[in-house]
Amino acid sequence: MRPLDTAYMLDLVPVIAGYVPLTLFMAIVAMIAALALASMLAIVRVLRVPVLDRVVAVFISFFRGTPLLVQLFLFYFGLPQVVPAMTGINGVTAAIIGLTLHFSAYMAESIRGAILGVDRSQWEAAQSIGMTQGQLLRRIILPQGARTAAPTLMNYFIDMIKSTSLAFTLGVTEMMGAAQKEAAGSFLYLEAFLVVAIFYWIIVETLSVGQRRLETSLGKAVAR
Amino acid sequence: MKCQIEITGLVKRFGPNTVLDGINLCLEPGERVAIIGPSGTGKSTLLRCLNFLDRPDRGTIRLGDLSVNAARASRADVLALRRRTGFVFQNYALFANKTARGNIIEGLTTVRGWPQAKANERADEILAQIGLADRGDSYPAAMSGGQQQRVGIGRAMALDADLMLFDEPTSALDPEWVGEVLDLIRRIADGRQTMLIVTHEMQFAREIADRVVFMEGGRIVEQGPPEQIFGRAQDDRTRAFLRRVG
C-alpha cells in the first residue's frame, strides 16, 4: 500500500474550491425553483383541483419513479432530438431543470403532508374572518406547514447539493468533474476523490448548522 | 318586528341525518339571543351554517341588505357573509403562527386592506378592551385558555360584524377561566352588539340574553324571554331539558 500523497491533495484544494460556487449556484437555483413548483403542486393536490390534480399525480409519480440520472439524460440528450428549441441547451441549464423537476416531486409530497397536518380549526378560523383561499394558504396554512416541512425540505436541499455532482455526466465541469479531470492526469484517483468528498462533507455540515438555526426560529411561535 | 338578521327555512343534512330541519329565526338590531338545548341537536351546526363553515343545503340568510340563498350561494356571497359576521370558536382556534396582536389585525390588514398603522391602533383598543394590553406580542401557545379565548373574541370584534356568533365559548375552558370570558362577552353585549350565543351556561344565558331559543332534533322547539323559558316553559321537552341541566 502506498502512502497518501498529501502534498498533491493540498494542491488540489484551491482547484476544487474554485468550483464550489458553480455547485452552490446549481443547487440554490434549483432549490428555489423546486420549492416554488413543489408548493404549487402540493396546493393543487390538497385542494383537489379537478383535472390538474390527476396531471400532478402522474408528474409526481414519474419523477419519483425514475432515476435522476435517467431524467438528466432525457433532458440533455433525449429531448433536444425532438424539441428543436432545446438543441442549444447547455449542461448547467439541463442539470438545473432536471434537479428542479426531480426534487419538486419529492418536496411536493412532504409539503402536502405538512399542509394536511395543520389543524382543521386553522382553516376554519381563517375562513371565518373572510379570507380567500389564497389568503388563508399564504398567511396561515403554509407558514405553519413550513415549520413541519422544514427538516425534510432541508434534507432534500442537502441531497440536491450532492446530486449536482451528476451534472458532470452532462459534460459540466463542477466539483466532481474537476476532480475527475485532475485524477485522469495524475492517476491519483484516491487523493482527488477524497478531496472532493471532504468538500461536499464540509458544505453539508455547514448547512446542517444553518438548518438547526432555521428550525429554532420557525419554532418560536410554539416555544413557551 | 323588524329583522336585522333573518334566517328562513335553513336545512342542513349530513348524509342521511337532517341536522337542521327548517330553522327560522329573526334577530332585531342589537338583540342578544342565546341558544340552548341537548348535545347533538344542531345548535353549533346552525352557527356554523350561518358562517358557511358548514354549507347549508337550503334556506336563506339575510344580514341587513345582504341576502344569501344557501342552495345557490356563490363564492363572493360566502365571503361577503363571513366578512359581516364574527365567529368565536369553542376551541379558540387562534392562528398559531401569529401573536395576539397578529390574530386581531389579520382580518383588518389582509381581508379589509387597512394600512398597518391604522390596524395597529384598532388592535391597541381591542387589546385594552379584552384586558390584554400587555400581551399583544404573546403567541397563543404561551397564553392560558382564558387569555386565548379573549383574543379569539378580540379577533371577531375587530371585524365590526353585524352579527357575532359564539359557539360554546366557555366549554373548552378550565373552570378558573370561565368567569373572565363571560365577563368580556357581557361587556360586548352591553354595547348592543347583535349576537347569537350557543351556551351550556344557563345562568349566563338567563342574565345576558334578550331571548332564549330552545332547540332539539334540528328544530326550534320554543323561544321567548329568559324569564319565560326558565320560569314557565310551555313545552314538555324544554322543561325536561331544564330539569336535567338545572
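Every number here is computed from the coordinates shown, using simple stated rules; none is lab data. Here the structure is a predicted model, which means the values were calculated and not measured. Glycine also receives a Cβ, built like all others from the backbone with ideal geometry; neighbour counts cover every protein chain displayed.
The table below gives the values:
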quantity: Debye log10 I(q)/I(0) for region A:21-172, one point scatterer per Cα, at q = 0.09 Å⁻¹; calculated: -0.33
quantity: Rounded tilt (10° steps) of B:116-129 against the dominant C-alpha axis of chain B; calculated: 60
quantity: Estimated D of the protein assembly as shown in µm² per second, where Rh is the Kirkwood radius over Cα pairs and Stokes-Einstein applies at 4 °C, 1.567 mPa s; calculated: 49
quantity: Exercise: per-residue mean of other protein chain Cβ atoms within 10 Å, B:91-100; calculated: 6
quantity: GNM top mover of B:106, B:216, B:28 - chain B, alpha-carbon springs below 10 Å; calculated: B:28
quantity: Dipole of region A:21-172, positive end: most advanced residue of A:169, A:92, A:157 [Cβ charges, Cα centre]; calculated: A:157
quantity: About the Cα centre, charge dipole magnitude for the protein assembly as shown (Lys/Arg +1, Asp/Glu -1 at Cβ), debye; calculated: 860
quantity: Proxy reagent accessibility, fewest Cβ within 10 Å first, across A:196, A:58; calculated: A:58, A:196
quantity: Sequence of A:191, B:121, A:124, A:174 once ranked by neighbouring C-beta atoms within 10 Å, starting from the fewest; calculated: B:121, A:124, A:191, A:174
quantity: Burial ranking of peptide ranges A:69-76, B:146-153 (average Cβ count within 10 Å, highest at the top); calculated: B:146-153, A:69-76
quantity: Lys/Arg +1, Asp/Glu -1 at C-beta; chain B dipole; positive extreme among B:107, B:15, B:88; calculated: B:15
quantity: On Cα atoms only, tilt of A:142-163 relative to the major axis of chain A in degrees; calculated: 20
quantity: Kirkwood-based shape ratio for region A:97-224, expressed as Rg/Rh from alpha carbons; calculated: 1.16
quantity: For chain A, built as a Gaussian network whose Cα springs stay under 10 Å, the top-fluctuating residue of A:143, A:151, A:14; calculated: A:14
quantity: Label-point gap, in nm, between residue B:57 and residue A:24 - each point 7 angstrom along Cα→Cβ; calculated: 6.2
quantity: Lys, Arg +1 and Asp, Glu -1 on Cβ, resulting dipole of region A:21-172 about Cα centre, debye, nearest 20; calculated: 180
quantity: Fraction of antiparallel bridges per DSSP, chain B only, in percent to nearest 5; calculated: 60
quantity: GNM top mover of B:128, B:76, B:161 - chain B, alpha-carbon springs below 10 Å; calculated: B:76
quantity: Ranking of A:175, A:40, A:131 by count of other Cβ atoms within 10 Å, fewest first; calculated: A:40, A:131, A:175
